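Worksheet: one structure, shown below.
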Amino acid sequence: MSGAATPTSPNQRLTHLRRLQRRLAACRACQDAGLLARANPIAGDQGLRQLMLLGQAPGRHSDAAGVPFAGPSGRQIERWLRQAGFAEGALRRDVYLTSVTRCDPGKSRAGAGDRPPGRDEQALCAHWWRAELALLRPAVLLLCGRLALAQFYPPRPLEALVGTWRREGDTWLLPLPHPSGVSRWLNDPGHRALVDRALAQLAEWRVALALDRERGEAASGDADG
């Protein structure tokens, strides 16, 4: 959007978002740079939302389906949303799903989970999620996992961040752990209590900021559709 006027109305922002998603789908930057054997950016058919989620990167399920968080991580986030009082289906209806990088980085060399995207991949991809954030102007941004948290916080243990929140501009930042079942962090009862605290705060925002459209609380400025 460099050199262009910043869109202000919901319809303008939605038009710019659709254009951004089309450009993202055509991106082959990491493939051209030799960082990935095959680029397949995942954007999904998403409109404006008051609630945005930043994750690490798409996995093989998303790569195959062409939608973000199509596998077990998406199901875990849906469970968290239900715990926060959102109606069933909130993951696709009420949340704009994005990630630090937008192509499946492949499996970890250790064989457990996906490979974290490298610094070069993150640098090439950062402008996509930053542009989405600028267009959405969400009331709440969920940061899922260490890589997402690193975009907004200095290095700190997860237990020092999950269960806390802070405001950046007009957006509340809410740290959460990575939703992957491979992570053992949630095996600790104390860690689960921190997630419960975070989700209780999200439940308060759900009502106060009208984040759940299914419950008749139409999100301000949502022009999806």
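Yes or no, residue by residue, for (1) modelled with pLDDT of 95 or more; (2) not hydrophobic (A, V, I, L, M, F, W, C):
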| residue | (1), (2) |
| --- | --- |
| Met52 | yes, no |
| Pro72 | no, yes |
| Leu81 | yes, no |
| Gly85 | yes, yes |
| Asp94 | yes, yes |
| Ser99 | yes, yes |
| Gly111 | no, yes |
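Residues of the range 64-95 being buried (at least 22 other Cβ atoms within 10 Å of the Cβ) and either among the β-branched types (Val, Ile, Thr) or touching a Pro at 6+ places or on another chain (Cβ under 7 Å) (or both), which ones?
Pro68, Ser73, Val95
Condition check: free of Cβ contacts under 8 Å to residues at least 24 places away in the same chain and either among the hydrophobic types (A, V, I, L, M, F, W, C) or out of contact with any Pro (no Cβ under 9 Å at 6 or more places or on another chain) (or both). Does Leu141 satisfy that? Give the derivation first.
Details: free of Cβ contacts under 8 Å to residues at least 24 places away in the same chain: no; either among the hydrophobic types (A, V, I, L, M, F, W, C) or out of contact with any Pro (no Cβ under 9 Å at 6 or more places or on another chain) (or both): yes.
Considered against the rule, which asks whether it is free of Cβ contacts under 8 Å to residues at least 24 places away in the same chain and either among the hydrophobic types (A, V, I, L, M, F, W, C) or out of contact with any Pro (no Cβ under 9 Å at 6 or more places or on another chain) (or both), Leu141 comes out as no.
Does the range 73-85 hold any residues that are in a helix (DSSP H, G or I) and of a type outside the set (Val, Ile, Thr), and which are they?
Across the range 73-85, the qualifying residues are Ser73, Gly74, Arg75, Gln76, Glu78, Arg79, Trp80, Leu81, Arg82, Gln83.
So which residues in the range 1-38 are in a helix (DSSP H, G or I) and over 29 Å from Ala90 (Cα atoms)? It would help to see each step written out before you state the result.
To start, the set of residues in the range 1-38 that are in a helix (DSSP H, G or I) comprises 10-25, 29-32.
Selection gives Ala29, Cys30, Gln31, Asp32.
I need a count of the residues in the range 151-161 that are under 17 Å from Trp185 (Cα atoms), surrounded by fewer than 21 Cβ atoms within 10 Å (Cβ to Cβ) and of a type outside the set (Lys, Arg). Steps first, please.
In the first step, residues of the range 151-161 are kept if they are under 17 Å from Trp185 (Cα atoms); the result is 155-161.
Of the ones still in play, those that are also surrounded by fewer than 21 Cβ atoms within 10 Å (Cβ to Cβ) are 155-160.
This time we only want the ones that are of a type outside the set (Lys, Arg), so: 155, 157-160.
Of the residues in that region, 5 qualify.
Given the structure, is Leu124 hydrophobic (A, V, I, L, M, F, W, C), in contact with a helix residue (DSSP H, G or I) (Cβ under 8 Å, 6 or more places away or on another chain) and free of Cβ contacts under 8 Å to residues at least 60 places away in the same chain?
no
Scan the range 39-48 and tell me whether some residue there is loosely packed, with under 13 Cβ neighbours inside 10 Å, of a type outside the set (Phe, Trp, Tyr), over 22 Å from the mean Cα position of the chain (by Cα) and part of a loop (DSSP other than H, G, I, E, B).
Scanning the range 39-48, I find no residue that is loosely packed, with under 13 Cβ neighbours inside 10 Å, of a type outside the set (Phe, Trp, Tyr), over 22 Å from the mean Cα position of the chain (by Cα) and part of a loop (DSSP other than H, G, I, E, B), so the answer is no.
Can you tell me which condition Gly106 does not meet? The list is (1) over 14 Å from the mean Cα position of the chain (by Cα); (2) surrounded by fewer than 21 Cβ atoms within 10 Å (Cβ to Cβ); (3) within 26 Å of Leu20 (Cβ to Cβ); (4) modelled with pLDDT of 95 or more, and all the others hold.
(4)
Residues in the range 86-97: is at least one in a loop (DSSP other than H, G, I, E, B) and aromatic (Phe, Trp, Tyr)?
Within the range 86-97 (the criterion being in a loop (DSSP other than H, G, I, E, B) and aromatic (Phe, Trp, Tyr)), the answer is yes, since at least one residue qualifies.
Got a sec? Which of Arg156, Arg109, Arg102, Arg130 is within 22 Å of Arg13 (Cβ to Cβ) and not in a helix (DSSP H, G or I)?
Arg102
The values are calculated or read from the model by the stated rules, or taken from the named source; none is laboratory data. Every value quoted in this text rests on a predicted model; they were computed, and no experiment measured them. Note that each Cβ is placed from the backbone with ideal geometry, even for glycine, and that neighbours are counted across all protein chains shown.
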